[in-house]
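Comments concern the structure below.
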Amino acid sequence: MLVLNCSTKLLTLEKMLKSHFPESLKVYGAVMNINRGNPFQKEVVVDSWPDFKAVITRRQREAETDNLDHYTNAYAVFYKDVRAYQQLLKENDVINWDQVFQIQGLQSEIYAISKAVASSQLLDLDIKLTSFKAVQLSPVSSVPDHSFLTGPSPRLTYLSVTDADLLNRTWSRGGNQQCLHYIAKLIACFPSVCVRDEKGNPVSWSLTDQFATMCHGYTLPDHRRKGYSRLVALTLARKLQSRGFPSQGNVLDDNTASINLLKSVHAEFLPCRFHRLILTPAAFSR
């Protein structure tokens with residue numbers, strides 16, 4: 001195991017990962033954020049350098065953590081050789097198995113290998129897998145049409161940390177203090193877009209996560225079918241693209257409305273799927 005702390009090596013890794021799209025997109029987004037200020041205090045672990053076969057991004061060991069916060073205790077994974085990934089998981093101090101955490105990646109063996117390693121080390125863990133369609137939005141060359149937003153409201157703007165409570169209450173993954181803290185950090189650190197009503201309240205929005213993924217795209221029920229979701233998605237994609245980031249996202253197979261929206265903006269549905277594992281030690285699940 002090697003921890004890449006050298007800025008030159010991290011920039012080299014960023015370039016190398018581009019040649020392994022789309023499977024490397026999650027790790028690529030995390031590495032891009034590390035190379036641009038590292039607001040989430042991440043670091044990179046590889047099995048070897050420069051001819052790595054497996055790479056994991058994780059929270060820096062010295063960073064303050066909440067053992068129940070799987071949102072922040074998040075690992076992104078990419079491997080060229082699944083055996084190298086398996087071996088890396090087995091090494092001491094690569095993964096903190098004593099807290100609730102998540103593993104994200106775009107390769108199908110992640111779940112089976114993670115589960116096998118946990119079993120081989122006699123770890124009592126609950127492992128919950130969710131799988132999504134992975135998508136990437138096409139380049140947005142011009143400012144999305146927002147002429148239908150007439151007058152001072154509704155208006156197109158960005159999210160504020162004060163909006164975190166609303167997002168926490170409306171996110172299917174939210175509703176708890178760890179998520180509230182996580183969303184506030186995302187809003188403070190990364191690009192977001194929202195439409196606000198005449199009172200200044202968000203009615204439609206999307207933001208960017210620690211892996212440079214577009215996430216939590218949502219429109220309040222009373223404001224749907226007005227074109228807000230399309231405008232928000234295209235505007236955020238353009239923001240990310242203008243900064244050199246990929247405009248990537250994911251969607252559940254049964255989310256017909258979001259899938260139709262993505263098709264309408266000519267998003268590319270990737271050949272690989274996005275896999276998210278949430279791993280909970282028995283001590284926290286009881």
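In table form, for the structure just shown:
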{"item": "Qualifying residue in the stretch 217-240 (condition: open to solvent by less than 50 Å² (accessible area, probe 1.4 Å) and more than 21 Å from Val265 (Cα to Cα))", "result": "no"}
{"item": "Single unsatisfied condition, Leu129 versus (1) over 29 Å from Met214 (Cα atoms); (2) touching a helix residue (DSSP H, G or I) at 6+ places or on another chain (Cβ under 6 Å)", "result": "(1)"}
{"item": "Where a residue in the stretch 260-286 is farther than 23 Å from Phe78 by Cα and assigned to a strand (DSSP E or B) and its partner, wherever it lies, is open to solvent by 50 Å² or more (accessible area, probe 1.4 Å) and of a type in the set (D, E, K, R), with Cβ under 7 Å and at least six apart", "result": "Pro281/Asp98; Pro281/Asp124"}
{"item": "Matching residues in the stretch 132-168 - criterion: being surrounded by 15 or more Cβ atoms within 10 Å (Cβ to Cβ) and among the small types (Gly, Ala, Ser)", "result": "Ala134, Ser160, Ala164"}
{"item": "Among (1) in contact with a helix residue (DSSP H, G or I) (Cβ under 9 Å, 6 or more places away or on another chain); (2) more than 24 Å from Phe274 (Cβ to Cβ) - the single one Ile56 does not satisfy", "result": "(2)"}
{"item": "Residues satisfying the stated conditions in the stretch 156-184, i.e. over 24 Å from Lys226 (Cβ atoms), in contact (Cβ under 8 Å) with a residue 40 or more places away in the chain and touching a Gly at 6+ places or on another chain (Cβ under 9 Å)", "result": "Tyr182"}
{"item": "From Ser48, Ser7, residue being surrounded by fewer than 20 Cβ atoms within 10 Å (Cβ to Cβ), more than 26 Å from Ser108 (Cβ to Cβ), over 20 Å from the mean Cα position of the chain (by Cα) and at pLDDT 95 or above", "result": "Ser7"}
{"item": "Any hit, the stretch 109-122, residues being touching a residue at least 40 places away in the same chain (Cβ under 8 Å), part of a helix (DSSP H, G or I), in contact with a helix residue (DSSP H, G or I) (Cβ under 8 Å, 6 or more places away or on another chain) and not aliphatic (A, V, I, L, M)", "result": "yes"}
{"item": "Cβ pairs under 8 Å, 6+ apart, first in the stretch 1-29 and touching a residue at least 40 places away in the same chain (Cβ under 8 Å), second charged (D, E, K, R) and open to solvent by 50 Å² or more (accessible area, probe 1.4 Å)", "result": "Met1/Glu91; Met1/Asp93; His20/Lys80; Ser24/Lys18; Tyr28/Lys18"}
{"item": "Residue satisfying all of: in the stretch 220-252; without any contact (Cβ under 8 Å) to a residue 24 or more places away in the chain and not charged (D, E, K, R); nearest to His181 (Cα to Cα) among these", "result": "Pro221"}
{"item": "Qualifying residue in the stretch 39-50 (condition: among the aliphatic types (A, V, I, L, M) and within 25 Å of Arg173 (Cα to Cα))", "result": "no"}
{"item": "Whichever residue in the stretch 51-75 is among the polar types (S, T, N, Q) and assigned to a loop (DSSP other than H, G, I, E, B) and, among such residues, is surrounded by the most Cβ atoms within 10 Å (Cβ to Cβ)", "result": "Asn73"}
{"item": "Test for Gln241: is it under 17 Å from the mean Cα position of the chain (by Cα), modelled with pLDDT of 95 or more and over 27 Å from His70 (Cα atoms)", "result": "yes"}
{"item": "Residue list for the stretch 79-101, filter: assigned to a loop (DSSP other than H, G, I, E, B) and either in contact (Cβ under 8 Å) with a residue 40 or more places away in the chain or under 18 Å from Pro281 (Cα atoms) (or both)", "result": "Lys80, Glu91, Asn92, Asp93, Val94, Ile95, Asn96, Trp97, Asp98, Gln99, Val100"}
{"item": "Enumeration of residues in the stretch 169-180 that are surrounded by fewer than 16 Cβ atoms within 10 Å (Cβ to Cβ) and either polar (S, T, N, Q) or in a helix (DSSP H, G or I) (or both)", "result": "Arg169, Ser172, Asn176, Gln177"}
{"item": "Checklist (1) open to solvent by 30 Å² or more (accessible area, probe 1.4 Å); (2) β-branched (Val, Ile, Thr); (3) touching an Asp or Glu at 6+ places or on another chain (Cβ under 8 Å) applied to Thr256, failing item", "result": "(3)"}
{"item": "Boolean, Glu23 is surrounded by 15 or more Cβ atoms within 10 Å (Cβ to Cβ) and of a type in the set (Asp, Glu)", "result": "yes"}
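The values are calculated or read from the model by the stated rules, or taken from the named source; none is laboratory data. On a predicted model such as this, the values are computed, not experimentally measured, just so you know. A quick note on method: Cβ atoms are made from the backbone with ideal geometry, for glycine too, and the neighbour counts reach across all protein chains shown. The protein model used for the area step is the full one, side chains on, heavy atoms only, and it has no ligands, DNA or RNA in it. Shrake-Rupley method; radii C 1.70, N 1.55, O 1.52, S 1.80 Å.
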